[in-house]
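**Student:** This is the structure I have questions about; it appears just below.
The values are calculated or read from the model by the stated rules, or taken from the named source; none is laboratory data. Remember, it's a predicted structure, so these values are computed and weren't measured experimentally. Positions of Cβ are generated from backbone atoms using ideal geometry, with glycine treated the same way; all protein chains shown enter the neighbour counts.
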Amino acid sequence: MKMADAIELYINLRDQRDARKAEHSAELKEKFTNKMDKIEVMFLKHFEKVGLDSTKATGIGTAYISRRVTDKVVNKEALIEHCKSTGNFDMFVGKVSKASVDEYVEETGDMPAGVVRTTDLKVNIRRG
């Protein structure tokens, strides 16, 4: 096989694969993911209403909330100044260090300058 033919074949195969992935992804979203998302929202609303973070169906499974906390640098200069003034240079390593921010928040009750924290809640459901 000539190199040009191999390159052309490879690109065609990759394009076909990517098209199939897109079709498959859309089909999965329509058939399953959208319905699962609605159930997760229902659980989030229920948990918020009753003040729980999990529920168990014996022999079937458990629905529970997991929390994902992310810290994002929104003002790099302010964060650098914060690191200089506190001497905590571990907090910034090209991106903000979650562990250092957690420690700082625990000690001071405040977020470091230039950092925004978000917490995402997600309902997880596991088999029983």
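**Student:** May I ask you to list pairs of residues, at least six apart or on different chains, whose Cβ atoms are under 7 Å apart, with the first in the stretch 104-119 being touching a residue at least 12 places away in the same chain (Cβ under 8 Å) and the second being surrounded by 16 or more Cβ atoms within 10 Å (Cβ to Cβ) and of a type in the set (D, E, K, R)?
**Tutor:** V115/D71; R117/D71
**Student:** If the requirement is being in a helix (DSSP H, G or I) and either modelled with pLDDT under 90 or of a type outside the set (S, T, Y) (or both), which of these qualifies: K72, K56, K38? Let's see the steps before the verdict.
**Tutor:** Working: K72 fails: in a helix (DSSP H, G or I); K56 fails: in a helix (DSSP H, G or I).
From the options K72, K56, K38, the qualifying one is K38.
**Student:** Restricting to the stretch 107-125, name every residue that is touching a Phe, Trp or Tyr at 6+ places or on another chain (Cβ under 7 Å), assigned to a strand (DSSP E or B) and surrounded by 15 or more Cβ atoms within 10 Å (Cβ to Cβ).
**Tutor:** Scanning the stretch 107-125 gives a single hit, V123.
**Student:** Here is a list of conditions, (1) more than 30 Å from M111 (Cα to Cα); (2) surrounded by 12 or more Cβ atoms within 10 Å (Cβ to Cβ); (3) assigned by TED's automatic domain parsing to the domain that holds A99, and Y64 meets all of them except one; can you say which number that is?
**Tutor:** (1)
**Student:** Could you please find all residues in the stretch 3-28 being among the charged types (D, E, K, R) and either under 20 Å from T62 (Cβ atoms) or modelled with pLDDT under 90 (or both)?
**Tutor:** Those that are among the charged types (D, E, K, R) and either under 20 Å from T62 (Cβ atoms) or modelled with pLDDT under 90 (or both): D5, E8.
**Student:** Does the stretch 84-101 hold any residues that are without any contact (Cβ under 8 Å) to a residue 12 or more places away in the chain and part of a helix (DSSP H, G or I), and which are they?
**Tutor:** Correct list: K84, S85, F89, D90, A99.
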